[in-house]
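K.L.:
Input: one structure, supplied below.
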Amino acid sequence: MKRIVGYGIGIVVCIVMMVVGTFGSFYFMHGKAMENGLKDNDLVYVHKTKDVHQGDVIAFYYNNKILVRRIIASGNDVVTITSKGTVYINNKLLKEDYVKDRYDDNHDIVYPYKVSEDCYFVLGDQRSASVDSRRKHFGVVRKKDIIGVVKMRVWPLQRLGGVS
């Protein structure tokens, strides 16, 4: 009887993982670019989708790595970041309650910067620790490189919850 129950639990776990894997994936965070919200070694669930919007935290491919950053602007938007790190999109102040610091000496692009069609301008929430669209070598994220939207942190369990 114990053997049957064990097999049953194993089958249920496999089915759940297959269903979850169809719609999303799990990834470990690396680095400090998204602190305070996400920390190094957090395990996150990413919903596979290309339907992304300003403010979404996304996972994407960059140089054979998977990175996580926040979408600040999309195709044809004009981005300006002041010397104090204040962000304007199309000349409108972007409210960013999630930012840990606004440090912006980490850029070499020229503002105002117009985002190309089918691309996204992304920034980390901890700007001093983030390599992101403020750097020419990094650039914008192409839609085809997006894996999906980070929906929740699943590990560590004491911080289980949604990502905003």
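None of the figures in this text is laboratory data; all of them are computed from the coordinates on show. Everything numeric here is computed off the predicted structure, so don't read it as measured data. Every residue, glycine among them, receives a Cβ derived from its backbone with ideal geometry; neighbour counts consider all protein chains shown.
K.L.:
For the ranges 131-144, 83-96, what's the packing order if you count other beta-carbon atoms within 10 Å of each residue, average per peptide, and put the highest first?
P.N.:
Ranked by mean Cβ neighbours within 10 Å, highest first: 131-144, 83-96.
K.L.:
Please enumerate, by chain and number, the lysines with C-alpha under 23 Å from the C-alpha of Lys143, excluding those fewer than 8 residues away in the same chain.
P.N.:
Lys48, Lys50, Lys65, Lys114, Lys151
K.L.:
I'd like to compare 108-115, 31-38, 46-53: which one has the highest average count of other Cβ atoms within 10 Å, and what's the full order after that?
P.N.:
Result, highest mean first: 31-38, 46-53, 108-115.
K.L.:
Ok, one more. Tell me whether the range 39-164 comes out rounded, prolate or oblate; compute the Cα gyration tensor, take square roots of the eigenvalues as a ≥ b ≥ c, and use a/c under 1.5 as the rounded threshold.
P.N.:
Judged from the Cα gyration tensor, the range 39-164 comes out prolate (a/c at least 1.5, a/b above b/c).
K.L.:
Ok, one more. Test of understanding: what is the full-extension gain from Trp155 to Tyr62, defined as 0.36 nm times their sequence separation minus their Cα-Cα distance?
P.N.:
So the extension gain works out to 31.1 nm.
K.L.:
Determine the distance separating the Cα centre of the range 30-64 from the Cα centre of the range 102-154; give it in Å without decimals.
P.N.:
11 Å
K.L.:
Evaluate the distance, in nm, between pseudo-label points positioned 7 Å from the Cα of Phe28 and of Lys114 along their respective Cα→Cβ axes.
P.N.:
4.3 nm
K.L.:
Starting from the Cα-Cα distance between Lys84 and Lys50, subtract it from 0.36 nm times their residue separation and give me the gain in nm to one decimal.
P.N.:
9.0 nm
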